[in-house]
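Peer 1: After the C-alpha cells below, expect a handful of questions from me.
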Amino acid sequence: MTQQPATTTPLSKEMQDCVQTCMTCHSVCEETMSSCLQMGGQAQMQIMRAVMDCAEMTRMCADMMMRRSPLMAEMCAMCARACDMCAEACMSMPEDAQMMRCAEACHRCAESCRSMAGASM
C-alpha cells in the first residue's frame with residue numbers, strides 16, 4: 001500500500017484556540033444541563049433550551065473547523081450567536097455558580113468564534 005501525501009496543512013493557532021474554546025464551552029454546557037436537571041423546577045425551560053443549543057453548536061462548530069468545512073465561517077458566526085444567547089440565559093440566575101461559569105465560557109467562545117467568522121465584535 002502506497003502512503004498518500006498529507007493534503008491538509010495544520011490548523012492555524014487561532015483556529016486551534018477556537019476549537020479548544022468551543023470544546024471547553026461544550027463541556028461546561030453539558031455540566032450545566034446536568035446541574036439544571038438536578039435543580040428540577042427551578043431551571044427554566046428557556047435556560048435549558050439555550051444551554052442545549054449552545055452545547056450542540058459548539059461541538060458542531062469545532063468539528064467543522066477541524067475538517068475545514070467550507071461552511072466554517074457561517075457556523076462560527078452562528079455558534080457565536082448561540083453562545084451569546086446561552087450566556088444571557090445563564091446570567092438570569094446570577095446566584096448560581098454553575099450558571100455563571102457557563103456564562104463566562106460562553107462569552108469566551110462567542111468572542112473566539114466571532115473572530116474566526118471575521119465578524120465585528
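The values are calculated or read from the model by the stated rules, or taken from the named source; none is laboratory data. Note that the structure is predicted; figures quoted are calculated from it, not measured. Ideal geometry is used to build each Cβ from the backbone, glycine not excepted, and the neighbour counts take in all protein chains shown. These area figures cover heavy atoms from the full protein model, side chains too; ligands, DNA and RNA do not enter into them. Shrake-Rupley method; radii C 1.70, N 1.55, O 1.52, S 1.80 Å.
Peer 1: Could you say whether any residue in the stretch 49-56 is open to solvent by 40 Å² or more (accessible area, probe 1.4 Å) and among the aliphatic types (A, V, I, L, M)?
Peer 2: Narrowing the stretch 49-56 to residues open to solvent by 40 Å² or more (accessible area, probe 1.4 Å): 49, 52-53, 56.
Then keep just the ones that are among the aliphatic types (A, V, I, L, M); that gives 52.
The answer is yes; a qualifying residue exists.
Peer 1: Something else: Filtering the stretch 83-116 down to residues that are among the aliphatic types (A, V, I, L, M) and not in a helix (DSSP H, G or I), which residue is surrounded by the most Cβ atoms within 10 Å (Cβ to Cβ)?
Peer 2: Taking the stretch 83-116 first, the residues among the aliphatic types (A, V, I, L, M) are 85, 87, 89, 91, 93, 97, 99-100, 103, 105, 110, 116.
From what's left, not in a helix (DSSP H, G or I): 91, 93.
Numbers: MET91: 16, MET93: 19.
The residue in question is MET93.
Peer 1: Same structure again: Within the stretch 52-77, track down each residue that is closer than 15 Å to HIS26 by Cα and either within 10 Å of the chain's Cα centre (by Cα) or acidic (Asp, Glu) (or both).
Peer 2: ASP53, CYS54, ALA55, GLU56, MET57, THR58, ARG59, MET60, CYS61, ALA62, ASP63, CYS76
Peer 1: Scanning the stretch 37-48 for residues that are open to solvent by 90 Å² or more (accessible area, probe 1.4 Å) and part of a helix (DSSP H, G or I), which turns out farthest from THR9 (Cα to Cα)? Can you show your working first?
Peer 2: Taking the stretch 37-48 and keeping what is open to solvent by 90 Å² or more (accessible area, probe 1.4 Å), we get 37-38, 42, 44-46.
Then drop every residue that is not part of a helix (DSSP H, G or I), which leaves 37-38, 42, 45-46.
On the way: LEU37: 42, GLN38: 44, GLN42: 48, MET45: 42, GLN46: 41 Å.
The qualifying residue farthest from THR9 (Cα to Cα) is GLN42.
Peer 1: Can you run down the residue pairs with Cβ atoms below 7 Å, 6 or more apart or on separate chains, where the first is in the stretch 54-77 and more than 13 Å from SER115 (Cα to Cα) and part of a helix (DSSP H, G or I) and the partner is open to solvent by 90 Å² or more (accessible area, probe 1.4 Å) and of a type outside the set (Val, Ile, Thr)?
Peer 2: Partner pairs satisfying both residue conditions: MET57/MET78; MET64/LEU71.
Peer 1: Condition check: of a type in the set (A, V, I, L, M) and modelled with pLDDT of 95 or more. Does MET57 satisfy that?
Peer 2: Judged against the criteria, MET57 is a match.
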